[in-house]
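Each remark here refers to the structure printed beneath this line.
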Amino acid sequence: MFRRVLLATALSAALVSTASAATVTYTARLSGRSEIPKTDSKGTGKLDATFDTTSKAMNYTLTFDGLSGPATAAHIHGPATRAQSAGVLAPLGDKNPTSPITGSVTLSDEQVKYLRSSKLYVNVHTAANPGGEIRGQIIGVHARRRAKPEASTAPAETPSAAPPASAPPAAAPK
């Protein structure tokens, strides 16, 4: 009887752990200075994405503004470092997208490796900059550590036998 309960508990735990996928958060900050070659665009953008490690689906929201004109396309490119260019892996939105663009892309195993190694980037194209006006490398967002509590500026408590720090010294006995 005990073995059956133990086996059922172990099996249930295994099923629950495999059924719950990890979700990893990614982001990219887009600017003209990140494009290759750099552009003088005043445009900016941001990609916020979550990646489901089981389904390999990356759900995203891409926002942008300040471009030289309407966007003509937006894509995920890779594999490439910040200093490299690469081909299109996935379109984001339709032709002539408007901000915000939301959607989902399912990545291949190879693309997942690129994502995890920060070798994917997103860019937004315009008529004035058909190769891309703004670009940003997609990077993982790591949990921030809690800040250490600041040291107290209040004076430390002194033992009751010692006089307070502000009290004048006691006169020596005669």
>> I'd like the full set of residues that are surrounded by 11 or more Cβ atoms within 10 Å (Cβ to Cβ) and either in contact with a Cys (Cβ under 6 Å, 6 or more places away or on another chain) or more than 23 Å from SER68 (Cα to Cα) (or both), limited to segment 91-108.
In response: GLY103, SER104, VAL105, THR106, LEU107
> Restricting attention to segment 55-64, which residues are under 13 Å from the mean Cα position of the chain (by Cα), closer than 19 Å to GLU110 by Cα and surrounded by fewer than 16 Cβ atoms within 10 Å (Cβ to Cβ)?
Replying inline: ASN59
> Looking at segment 125-138, is at least one residue of a type in the set (S, T, N, Q), surrounded by fewer than 19 Cβ atoms within 10 Å (Cβ to Cβ) and in a strand (DSSP E or B)?
Replying inline: no
> Hey, among ASP52, ASP40, ASP48, which residue is surrounded by fewer than 17 Cβ atoms within 10 Å (Cβ to Cβ) and over 25 Å from VAL24 (Cβ atoms)?
Replying inline: ASP40
> Out of segment 24-62, which residues are of a type in the set (A, V, I, L, M, F, W, C), farther than 17 Å from SER85 by Cβ and out of contact with any Phe, Trp or Tyr (no Cβ under 8 Å at 6 or more places or on another chain)?
Replying inline: LEU62
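Bear in mind these aren't lab numbers, they're just calculated from the coordinates by the rules spelled out. Everything quoted here is computed from the prediction, not taken from an experiment. All Cβ positions, even for glycine, are placed from backbone atoms using ideal geometry, and neighbour counts span all protein chains on display.
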